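Take a look at the structure below.
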2 protein chains.
Amino acid sequence: MGPCLSETELISRFFNFDIPNHWPSQGIGDDCAIMQVGASRIAVTTDTLACGTHFLPDVNPYTVGRKSLAVNLSDLAAAGARPRCFFLALSLPETNLEWLEAFSRGLFEMAREYDCPLIGGDTTKTAKVGNLQAPFSLTITAMGEVKKGLTRAGAKVGDDIWVSGTPGDAYLALMLRTGEWSGVCSEHAARAMDNPTPRVALGQFLEGRASACADISDGFLKDLGNILSRSNVGARINVDALAASDDLNSRPLEQKRMAQLAGGDDYELVWTAPVCMRAEISAYAKQCPALCFSRVGEVTPSGLMLFDDKGREVKNIYHGFDHFSQ
Amino acid sequence: MGPCLSETELISRFFNFDIPNHWPSQGIGDDCAIMQVGASRIAVTTDTLACGTHFLPDVNPYTVGRKSLAVNLSDLAAAGARPRCFFLALSLPETNLEWLEAFSRGLFEMAREYDCPLIGGDTTKTAKVGNLQAPFSLTITAMGEVKKGLTRAGAKVGDDIWVSGTPGDAYLALMLRTGEWSGVCSEHAARAMDNPTPRVALGQFLEGRASACADISDGFLKDLGNILSRSNVGARINVDALAASDDLNSRPLEQKRMAQLAGGDDYELVWTAPVCMRAEISAYAKQCPALCFSRVGEVTPSGLMLFDDKGREVKNIYHGFDHFSQ
């Protein structure tokens, strides 16, 4: 393993090119790039998912199809975009028709649910490693349309901090399935890991209302941290204000907090919004009975402070997911 | 290895979804998707390149950087597009700073030469295969702007068939480097394989003049075949009319023809154009002294017939590259 360089450091050191842009954009560092193309503003995201890194080796190909598109739609949601189309680059060890049929079914279902057609792509064979063929991996590039678009920059001191759903359930499922934690994986936790719902409608509602937004695919505190550093502000968070599933509430407190705060692989949204938006957001929440919204803290001038319901400080030992820092 | 299914069959069987498109496009089957976004028309392409499949294991990372973007720019060229930006999804076995530095330098040089900024991306770790880490792979999605755009559909009976450059040189380099053919790899052939020039200016010139266009990344006859089937026409080709490099001319005829007709990994363009365009195309060719243009045949109602300078039929035993049919 090479030197310990975070993904963010790696990007800013090696991929921060200074080349004039005919399609003005906000630069690297958000869930999506947002570009002005003529009179239209488009949001674009690209994500690689690989067997062994993002999926357990025995994953069902139907799950791979649904989830691969879902995580890209989640990035579009974080930008407030309406999904428009996607591209698929698929690398397979072999032409397995049964695998392809189930993968394609899952992918197509998700594409149809969100009106997001497949427009192009590329299929290749994976590399040989020793005598074995590397397992599947795929990259999806998804594109959407925004009015103005949401980024991670824009949080203002005094803004509320909100989160959708019950973060931590996907991480709980992973810990249970890999045997790191003992117990049986519930249907609810399995669904959070296998079949996440991208918050596309919520993202569109937040456009024009939230001051900054991200999905929490790398873990709540890490993705909130990206908002804070891009916006040059800090935050005070009541960790007990985060909604938790019954599954997580039944775990030891330490496990619950680790899953909620650092878990990753959740496709909920975290956003900041001015206090004057509280009523409107709460009214919207009432229209979504299947989805809870938590108001978990406020934006401060600097630093990140965690505390609990009793006002006691909670030490921040929760670090989200980074491919190259492990 | 699974059943023998070509890439085209695989795509039409598993990835031909019927979902309404808010951004009208021409459907799957060209080098680029061309979409109408508001008043703008954009071309988008995505290509995966992997160590062991597209690059020899000992490839220089600087070469990987240049060539990865070049092959995507070549797809934009085939659509007649002006490059606008690209996205990079990079999978690495480890954080190797020396590798990253050289890769980034090659990528950035190519990006600057073609005014094509990097706007977003994703970095991940490759999968573990047995005890080994899979080698690098990367997917680039490149975007450009077209007036109307060129596709593979549109060739008309009686049109001329043209090719740029001297196809076959990259294949010659591969055969020599892997020891399949004996001899020393010249600098010219090495450059064709390592540092191809995407024909971006030529593609823009051809927009509005050519009736169909493709790059010949999968081999001249295979990519011409894609034009013919998408346009529902045939062709008569004089194989001796294809310009050949001195390197290829010094090889046995069988090797020369294999490289020229089926080689692949060339990033020249093949296009069809009405006879009335001959003068204009020849005049443009005179402005590009470093690049030769060959007029190699004509579009016919059906079939593909190869013949030589003496009018003798040449048997078509030349099949281009397909990842899943080998």
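The values are calculated or read from the model by the stated rules, or taken from the named source; none is laboratory data. Small disclaimer: the values here were computed from a predicted structure and weren't measured. A quick note on method: Cβ atoms are made from the backbone with ideal geometry, for glycine too, and the neighbour counts reach across all protein chains shown.
Could you grab me the full set of residues in region B:112-131 that are in contact with a Gly (Cβ under 9 Å, 6 or more places away or on another chain) and modelled with pLDDT of 95 or more?
Hit for region B:112-131 is B:Cys116, nothing else.
How many residues does region B:140-172 contain that are aromatic (Phe, Trp, Tyr) and closer than 25 Å to A:Ala89 by Cβ?
1
Name every residue in region A:12-31 that is at the interface with chain B (Cβ under 7 Å from one of its Cβ atoms), farther than 20 Å from B:Ser40 by Cα and in contact (Cβ under 8 Å) with a residue 12 or more places away in the chain, in order of residue number.
Answer for region A:12-31, where residues must be at the interface with chain B (Cβ under 7 Å from one of its Cβ atoms), farther than 20 Å from B:Ser40 by Cα and in contact (Cβ under 8 Å) with a residue 12 or more places away in the chain: A:Phe15, A:Ile28.
Of B:Ala189, B:Ala214, which residue is in contact with an Asp or Glu (Cβ under 7 Å, 6 or more places away or on another chain), among the small types (Gly, Ala, Ser) and more than 28 Å from B:Ile34 (Cβ to Cβ)?
After applying the criteria, what remains is B:Ala189.
Look at B:Val37 and say whether it is at the interface with chain A (Cβ under 9 Å from one of its Cβ atoms) and free of Cβ contacts under 8 Å to residues at least 60 places away in the same chain.
yes
For region B:50-74, which residues satisfy the criterion of being of a type in the set (Phe, Trp, Tyr) and away from every other protein chain (no Cβ under 12 Å)?
Correct list: B:Tyr62 only.
Taking into account only those residues within region B:127-141 that are in a loop (DSSP other than H, G, I, E, B) and more than 7 Å from chain A (Cβ to nearest Cβ), which is surrounded by the most Cβ atoms within 10 Å (Cβ to Cβ)?
B:Phe136
Kindly provide the set of residues from region B:89-109 that are more than 7 Å from chain A (Cβ to nearest Cβ), crowded, with 21+ Cβ neighbours inside 10 Å and of a type in the set (A, V, I, L, M), ordered by number.
The answer is B:Leu90, B:Leu92, B:Leu107.
Of the conditions (1) surrounded by fewer than 20 Cβ atoms within 10 Å (Cβ to Cβ); (2) touching a Ser or Thr at 6+ places or on another chain (Cβ under 7 Å); (3) of a type in the set (Phe, Trp, Tyr), B:Tyr284 satisfies every one except a single condition; which number is it?
Here B:Tyr284 clears every test but (2).
Can you give me the number of residues within region B:270-285 that are touching a helix residue (DSSP H, G or I) at 6+ places or on another chain (Cβ under 6 Å) and either assigned to a strand (DSSP E or B) or on the phi > 0 side of the Ramachandran plot (or both)?
2
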